[in-house]
1. Work out the P(r) tail for region 204-251: percent of alpha carbon pairs separated by more than 18 Å, whole number.
2. Which residues in region 270-287 place their backbone N less than 15 Å from a point set 7 Å from the Cα of Phe55 along the Cα-to-Cβ direction?
3. Give me the distance between the Cα centres of region 166-233 and region 297-330, rounded to whole Å.
4. If amide hydrogens are placed 1.01 Å from N in the peptide plane, which non-local residues have theirs closer than 5 Å to the one on Val299?
5. Once phi is turned into ³J(HN,Hα) by the Karplus curve 6.51 cos²θ - 1.76 cosθ + 1.60 with θ = phi - 60°, what whole-Hz value does each residue of region 64-72 show in order, with x for glycine and proline?
6. Which shape class applies to the chain: rounded if a/c is under 1.5, otherwise prolate when a/b exceeds b/c and oblate if not, where a ≥ b ≥ c are the square roots of the Cα gyration tensor eigenvalues?
7. Pop out the ³J(HN,Hα) list for region 306-316 in order, Karplus 6.51 cos²θ - 1.76 cosθ + 1.60 with θ = phi - 60°, rounded to Hz; leave Gly and Pro as x.
8. What value, in deg cm²/dmol to 500, does the helix sum -39500 (n - 2.57) over DSSP H runs of n ≥ 4 give at 222 nm once divided by the residues of the chain?
Amino acid sequence: MKRAPLLLCVTLIAGCFNSDIDLIKTGRLDLKPEYTVGEAFDNRKVCKNTSWDAFKDERQRAIVEYRCYFNGYDTVFTNKAAAIHAELEELDAKAAHKREALNEKLAQAEKELSDARELLSDPKTVAMKLKAEYDARHASYTDFLKNNRNRDTDDFISNGIEIPESLDDLGIPTLLTQAKRLRDGGDDYGYYGVYQRVKSSLNALMVDAQSRVAHLASLRETVEEDTEKSLQAKYKAAKDQIASIKGKLQALDAEHVEYQEYKTQKQAEAKEILASSGEAQAYEYYRWTILDDESFMIVGGGIMEKPPGQAEFSDKPYAYPADTVALVYQDNVTGFREYKQAIGAKAWTRMLGY
């Protein structure tokens, strides 16, 4: 890649110059010869102000240094402090939500324990209530079977069926209505298909009802023993649940102690950042050397930073300063962070660290 057009430049204004700085500022780069260097470098959106200086380097070369003091460098750190506060608020909210959810579960488990304890104080009464429920359902299913078991399918289609709510109706009422409509409409083919479905569903319904009758009879015989076992199991489950939740709450308390230490540390960090963010500075620099024929060449460039709490500037030189000059002429960003992103990682000898 040819870099000479970016590194070398010539002055297009004849005559004498008051200083080396004037020579550079009135010169023009081949990159965009319609602008002088001064016009391009002194009018950038990313700079809140600029400065120029001339000096001799250790090799006694005449050096002109340009500086662009960035807009928004302190914002990097105020945003960092704001991000710390936002993180802490989110962690506080998550911990509060977790504790609230555990307390709700604890209250529910304690209620279940209390209810189970109360029922265990008189399990026979509970068993009698269950037995009465079993008897009622047993009678309902028995009556249903007595009234419907010997009916034929045509009778069901003509006169319908009343199914106890606790039984799954298997869609039979809808099928009966459909079958009756097809039969009365003379659609023998359609009627035959629905008729077979009605017959099959009715058989399944009767089998289910008979199975429930037998099951309820079995439950009724062991209702007292089963009731006490069930209540004991509920009581134990509630106690175990309470112990588990209390263990989680204790763990949460321990986490809270550790988190408070972390929170105090992060709050102090944010406070320190905000207190010293006004002292933060960063500037971009370019250095030119003037050649014997009064042309000039870029010999260095980079960014100098002084974050909050740092006494001296740290230098982050560009690996290829000629590459970044194009960004000066593009002038399409207004803040430090955006400019850093535009430069790209390959233009740096090391990362900025943010």
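1. Details: 657 of 1128 pairs.
Beyond 18 Å sits 58 percent of the P(r) for region 204-251.
2. 285-287
3. Rounded to whole Å, the Cα centres lie 84 Å apart.
4. Residues meeting the criterion, in which the H sits 1.01 Å from N, are Arg287, Trp288, Thr289.
5. Each residue of region 64-72 in turn: 10, 10, 10, 10, 10, 7, 6, 6, x Hz.
6. Details: a/c = 6.99, a/b = 2.56, b/c = 2.73.
Oblate.
7. These are the phi-based 3J(HN,Hα) values: 9, x, x, x, 9, 6, 10, 6, 10, 9, 10 Hz.
8. Numbers: 11 runs with 216 residues, N = 354.
Mean residue ellipticity at 222 nm (helix-derived): -21000 deg cm²/dmol.
Throughout, read-outs are computed from the coordinates displayed, never taken from laboratory work. The structure displayed is predicted, hence computed values, not measured ones. In this analysis, Cβ positions are derived from the backbone assuming ideal geometry, glycine residues included, and neighbour counts consider all displayed protein chains.
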